[in-house]
1. Just to be sure before I move on: is THR128 open to solvent by less than 30 Å² (accessible area, probe 1.4 Å) and in contact (Cβ under 8 Å) with a residue 12 or more places away in the chain in the structure I sent?
2. If you go through the range 401-411 one residue at a time, do you hit one that is among the charged types (D, E, K, R), open to solvent by 50 Å² or more (accessible area, probe 1.4 Å) and out of contact with any strand residue (DSSP E or B) (no Cβ under 9 Å at 6 or more places or on another chain)?
3. Is it true that some residue in the range 42-52 is assigned to a strand (DSSP E or B) and open to solvent by 70 Å² or more (accessible area, probe 1.4 Å)?
4. Step by step: first the residues of the range 140-186, then only those that are assigned to a helix (DSSP H, G or I) and among the polar types (S, T, N, Q), then the one that is least open to solvent (accessible area, probe 1.4 Å). Which residue is that?
5. Restricting to the range 63-77, count the residues that are closer than 13 Å to LEU109 by Cα and touching a Ser or Thr at 6+ places or on another chain (Cβ under 9 Å).
6. Identify all residues within the range 429-463 that are over 14 Å from LYS490 (Cα atoms), open to solvent by less than 60 Å² (accessible area, probe 1.4 Å) and touching a strand residue (DSSP E or B) at 6+ places or on another chain (Cβ under 6 Å); write none if there are none.
7. Go through the range 276-325 and count every residue that is touching a Cys at 6+ places or on another chain (Cβ under 9 Å) and open to solvent by 90 Å² or more (accessible area, probe 1.4 Å).
8. Quickly run through the range 58-110 and pick out the residues that are part of a strand (DSSP E or B) and under 30 Å from GLY211 (Cβ atoms).
Amino acid sequence: MRNIVTIVLLTFSLTLCAQKVKVKKGVVLVDKQETPIRVTTSEGGEYIFTDSSSDKVFITAKREAYKVDETKSFEWLILKNENSEFENEVDMKYMSFTLNMKKAIAEFLMKELGFFDAAGAVNNDKITAFFSEKRERASKAEYEQLVTAAKESAAAYAATESIGIYVDPELKEITRKGEKIGSYRFADASTMIIRDLDTYKIGVVTQDLSGNVNIESQLLTSPLTYNTKNRYSATDKYATKEFVIEAVRRMHTRGLELGHSANETLEKVNEEAKAEAIKSYEEAKANSSNIYGQLGYGIDDKGERFEGKVTMLFEDIKDPTDPLSGGTIVNVGGSDIGKKVSIIYLNEKEKKRTKTLSAKKATRFCIFDKEGNETCYQGIKVKSNGMLAGGGDALSIGGSGALFMQEVFKDGKGTIYQEFPSKKYYLRVEGQEKAFDFAFGPLIKEEKKIAKLKEYLGGCDYGNGSYDEAGLQKIEKVKELINFYNNSCK
């Protein structure tokens, strides 16, 4: 049933569009058949539509048209009905090609708005519905925006008349009030290059056969376009003189003033970009797991304590003000990320010194919060799960690497450490130099995982003979394992 309705509606639509509308001596004809609809024109240019069967005016239409530029124009109708207080607008559409405006509007009212049918019967319901509220044409906002922009552009261009742009066609030089500000050359039959005094390519100017000009520049977010009667000619340098003058004046309206202004603009842009980069850098630092100059202390492998300001990088955040730095002097090139910590302290002579501690020597450092609570980090090596585990880092492959990890939980013989920025948990039990990595990956068989954990726990079985790899990624599950180990394992 739905398909039948669709076919009927489509057939009706095609039939409606196929109907030929004409206006002959003020009479509307559809498919050469005369209808009761009559069209006359008032002295004010309005098109008055009358139903001759009742001698009643049912629509008055006034056509409005505005050409913004050579490429964009608008056309709409202002419609009135004597039974409505509203004058409503609607964008004009041409349903078929015609130069006869009476025919064009009549066809639009019939086919697009449905105000009358092919027999000339007026549809009062549709007319009443159309005038039941105030209507503005869909293109009005775009129209007003473009018209405003066009007026501003015209005013800005007129203002450039006083800046004294002159072109020497022999030398192809551009001057402003007698002072040279740039030059130009012909690239090909339709393209001209304009450069400033620093030989910076300010604009690439092209013109088509309709007189439309397009100027592109790296200093513009969008091309500069306009239409002109001045013509570009690569073979007639004198004929091109006015074309160049206009192009330079147009460029001035968009801030392309030649001379040395491009360098000044670029310097400003670079400063703005630098400021934005610094802002992003500070935000990245604040949102990272890195520690920057926080009060604390470090203990080296000999047990000596160094108190001062602690800087520890777990993430490589590049400082935009220092092209050689990955964050601080501790981490040039990013190779020491997570592996080394620096403490700026005062020695016995109250001189500032920097102590660097390495994770591979199992050193330790702690930082204090505002309340004086401390958070500690330990240099930790991790027991390898083998090449097939697919860890992809020094801790997982070969187990030779060491990183500083936060000590997040300690109970009896077990300690949980957390790696940053991954926030992954590791377990170390007393008697083991290295921490245990719970993540093996899908390439390791479950019985192998169980055997590895049993071996690490000194032969103690944990669980029901299965390995809950996903569960052991969570701290609560690891705490359960530590509790089991403390109470059930030797």
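1. Details: open to solvent by less than 30 Å² (accessible area, probe 1.4 Å): no; in contact (Cβ under 8 Å) with a residue 12 or more places away in the chain: yes.
Here the answer is no, as THR128 does not meet what is asked.
2. Checked against the condition, which is being among the charged types (D, E, K, R), open to solvent by 50 Å² or more (accessible area, probe 1.4 Å) and out of contact with any strand residue (DSSP E or B) (no Cβ under 9 Å at 6 or more places or on another chain), the range 401-411 yields at least one hit.
3. Here is the first cut: in the range 42-52, the residues assigned to a strand (DSSP E or B) are 46-51.
Now narrow it down to the ones that are open to solvent by 70 Å² or more (accessible area, probe 1.4 Å): none.
Within the range 42-52, not a single residue is assigned to a strand (DSSP E or B) and open to solvent by 70 Å² or more (accessible area, probe 1.4 Å).
4. Filtering the range 140-186 for residues assigned to a helix (DSSP H, G or I) gives 140-163.
Checking the rest, the ones that are also among the polar types (S, T, N, Q) come to 145, 148, 153, 160, 162.
Values: GLN145: 131, THR148: 71, SER153: 54, THR160: 12, SER162: 87 Å².
Step by step, filter the range 140-186, then rank; the result is THR160.
5. 1
6. ALA435, PHE436, ASP437
7. Filtering the range 276-325 for residues touching a Cys at 6+ places or on another chain (Cβ under 9 Å) gives 296-299, 310.
Retained after the next criterion (residues that are open to solvent by 90 Å² or more (accessible area, probe 1.4 Å)): none.
Going through the range 276-325 one residue at a time, the tally reaches 0.
8. Step one: filter the range 58-110 for residues part of a strand (DSSP E or B), giving 58-67, 73-80, 87-91.
Matches in the range 58-110: ARG63, GLU64, ALA65, TYR66, LYS67, SER73, PHE74, GLU75, TRP76, ASP91.
The values are calculated or read from the model by the stated rules, or taken from the named source; none is laboratory data. Treat the numbers as computed from the prediction; the structure is a model and nothing was measured. Neighbour counts are summed over all protein chains in view; Cβ atoms, including those assigned to glycine, are modelled from backbone coordinates with ideal geometry. Just so you know, the surface numbers come from the protein's heavy atoms only, side chains and all, with ligands and any DNA or RNA stripped out. Shrake-Rupley method; radii C 1.70, N 1.55, O 1.52, S 1.80 Å.
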